[in-house]
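The values are calculated or read from the model by the stated rules, or taken from the named source; none is laboratory data. These figures come from a predicted structure and were not determined experimentally. Surface areas here come from the heavy atoms of the whole protein model, side chains and all, with no ligands, DNA or RNA. Shrake-Rupley method; radii C 1.70, N 1.55, O 1.52, S 1.80 Å.
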Amino acid sequence: MPTNCAAAGCAATYNKHINISFHRFPLDPKRRKEWVRLVRRKNFVPGKHTFLCSKHFEASCFDLTGQTRRLKMDAVPTIFDFCTHIKSMELKSRNLLKRNKNCSPAGPSNLKSNISSQQVLLEHSYAFRNPMEAKKRIIKLEKELASLRRKMKICLQKERRATRRWIKATYVMKNLEANNVLSKGTSEHILPNALSSLPLENFKILEQHQQDKTLPIL
């Protein structure tokens, strides 16, 4: 069972209560070499129990048809935050620069630059801080779009089933009227105007089409 992710800077660890899956490096030499290249770890050689977590793969990389989340055969990891490693290396130098700035007197030029930077942040508050944040937002919106498409598909299926029932009921009722089992004009009081005004021949064609071939469901 995997315990952690092999991507540099990734703190993801196995936990059955968190919806994160772990995926072993592929055995195929070409795909394995491509994964290692994308991970960008120096002198990195994955072993038998080396895994990458699902956070490093796009939503399109997964096959969700089964009960478990599996990677597709051509899936490659593309989501990494390499900036975290640079931040740790540059943290000391940034602290030194901040100390030097704090020691220097705040002149008019420094005040102007601070005010202008704050204005830029306020004017462009809608923008993303970095490409990774934009990537995560896009993935979230794609999942929401897929959920809405599933709901729309279910609604269309229900609408088509209801339409087929109306056609079948109308055909039966008009057929009973034609055979004098029901009194003339019964369909006009029960069925909607759009259906009651159509002749029986149209419903015969529709009913025959229903028997020969079921209407396609998207």
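Ordering VAL181, VAL45 by accessible area with a probe of 1.4 Å, largest first, what comes out?
Accessible-area ranking of VAL181, VAL45, largest first: VAL45, VAL181.
Counting only C-alpha contacts under 8 Å and six or more residues apart, can you give the relative contact order of the stretch 1-83 as a whole percent? Please report the intermediate quantities before stating the final value.
Numbers: 104 pairs, mean separation 26.4, N = 83.
Dividing the mean separation by the residue count of the stretch 1-83 yields 32 percent.
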